[in-house]
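The values are calculated or read from the model by the stated rules, or taken from the named source; none is laboratory data. The structure displayed is predicted, hence computed values, not measured ones. Positions of Cβ are backbone-derived with ideal geometry, glycine not excepted, and every protein chain shown enters the neighbour counts. Just the protein is used for accessible areas: all its heavy atoms, side chains included, with ligands, DNA and RNA removed. Shrake-Rupley method; radii C 1.70, N 1.55, O 1.52, S 1.80 Å.
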Amino acid sequence: MPSPRPASLHPSSTDPESTSREPIHPVDESRPIGRILLFGIQHVLVMAATPISAIFLMSATLRLDPGLTVDLLSAAFLLSGIGSLIQSLGPWKFGPRLPFVMLPGGAPLILFLAIAEQHGLPTASGAVIITAAFYFVVLPVFSRLLAFFPALVIGTMIVIVGVNLVKVGALLVTGRPGQPGFADTTNLLLGLATIGFTVAFYWLFTGVLRQLAVMLGLIAGTALAFVLGAVDAGRAAAGGLLSVPELLPFGSPEFNLLAALPLMLYSLASMAEATGQTVINAEAVGKDIDKREDVPKTIRGDALTSLFGGFFGLPLMVTSGENIGIVRVTGVRSRYVTAAAGVVLIAIGFLAPVTRAISVVPSAVVGGTAMVVFAVITVLGVQMLGRADLDQHTNTFICAVAIALGLLPILIPGVYGGFAPGVRILLESGVAVGAFVAAVLNILFHHVRPRFARAQAPAATVPAQADAGAGEPAPAQHS
């Protein structure tokens, strides 16, 4: 008669240790290192254009020399990797332990350039450091306001974020209207072909290959661009092997509160956006979170990474919602994948040939991939709005007004060109405007108006009570 199998290897249903062990949530699930690394590289390939374009824009606008540009590009990859590790792994009270990637760029970059042009690069770096510290000061107050960010507000904000990102991806394909090369047929072909390749791979494959459809589509688009002669392969071979970021590349930071004020004001909008990013990321991976506990962790991660970035000459680093689309498309929810992406980004920061190889991927190919990924974010926002009880006319009205005002500066750039620079900076952030309008209208209609109506109700019923019960003592009022 065979001997019984060890209970430690095959726990029975009555084993108290096995019954008390909770199942691992997919976001905390570890996978084989090779597969995690492969998925991490996919995140990097899709989003590598953001730090590259951000630094190239800095270099062109501020007329930086090539050596300084390489240093800043290395620093951008390094800090993106460190920030991704913080947000994904969540050490202590920093990072929500969700699959996040951090990147420079967007509105913080524009504000950084404006400060640098007006006050100099040392002051711009000082403004980033001041703003990073400002995050920590304001965060306790902001945490108490999270109750006023329900699904209606966050869903509206995510829809605006998604539309804005789709536009960013489309501009990588088409170029900007009025500039040379706008709507070039080759670029349009590459962008549409990349989307087509991604759809084809997603349709043809299953399992791991289907999860890699975004990366495969990008590689196929790059191969097509190489055949069409749209890839400058020689640029990837030029230069040395290692690139070490330089600390304080612009010299000692100069701290000017007045110069930093626009960036500090933007940080308030950035915290609102981080709220939406955290909630929608948790939705994408199916994890229940406590907004008052997890959102501050995301903001602390942004602040800490930006603090480090300020000493390397970078603009504010922000948690990116771009990778949320990849998570939803691929179905890979593990935060260790974005942690692996963080390790890859750090390696790229030191390996100059890898940086140059990624930089030769045509922007039209990256844009085609980005349009698909970013559109998924819009869909996630729509799904969240579907749970916001839009059957109520009040909620529909709030959503409509917020989307209209939020999309205005996105769809019509320069619409606020006649306003003062400080006001214009805030109004031209469609995400900030949409979030602010949705939050204020939600408070007015769902918090202030009901209290006002209740306060008016007793006064309105007094005449009726007097007419109906003249001579009888009025009932006692209890607060």
Practice problem: Taking all protein chains together and a probe of 1.4 Å, list Asp71, Asp65 from the most accessible to the least accessible. | Solution: Asp65, Asp71
Quiz prompt | Potential lengthening between Leu242 and Val440 on full extension [0.36 nm per residue; Cα-Cα distance subtracted] | solution = 66.3 nm
Quiz item: At what distance in angstrom do the alpha carbon centres of the range 240-317 and the range 398-421 lie from each other?
Solution: 24
Exercise. Lys and Arg at +1, Asp and Glu at -1: add these up for the other residues within a Cβ distance under 14 Å of Arg35 and post the number.
Key: +2
Quiz item: Mind checking which helices in the chain clear 27 Å along their axis (Cα) and have mean Kyte-Doolittle hydropathy of 0.0 or more, DSSP H runs only?
Solution: 66-89, 121-144, 151-174, 185-204, 257-285, 363-386
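Per 0.36 nm of contour for each residue apart, how much would the distance between Asp391 and Leu171 grow if the chain were fully extended, relative to their Cα-Cα spacing?
Length difference between fully extended and current span is 75.7 nm.
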Self-check item: Contour excess over end-to-end distance, with Cα ends at Leu408 and Val137 and 0.36 nm allotted per residue
Solution: 94.4 nm
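Could you do me a favour and compute the accessible area per residue for the chain, 1.4 Å probe, result in Å²?
48
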Practice problem: Scan around Leu351 for amide H atoms under 5 Å from its own, H built in the peptide plane at 1.01 Å from N, and keep only partners 5 or more places away or cross-chain. | Solution: Ser243
Quiz item: Over the chain, one equal point on each Cα, no solvent: what is log10 I(q)/I(0) by the Debye formula at q = 0.10, 0.12 Å⁻¹?
Solution: -0.77, -1.07
Quiz item: Using a 1.4 Å probe, how large is the accessible area of Phe308, given in Å² and rounded to the nearest 10?
Solution: 90
Quiz item: In terms of modelled amide H atoms, which long-range or inter-chain residues lie less than 5 Å from the amide H of Val101?
Solution: Ser320, Asn323
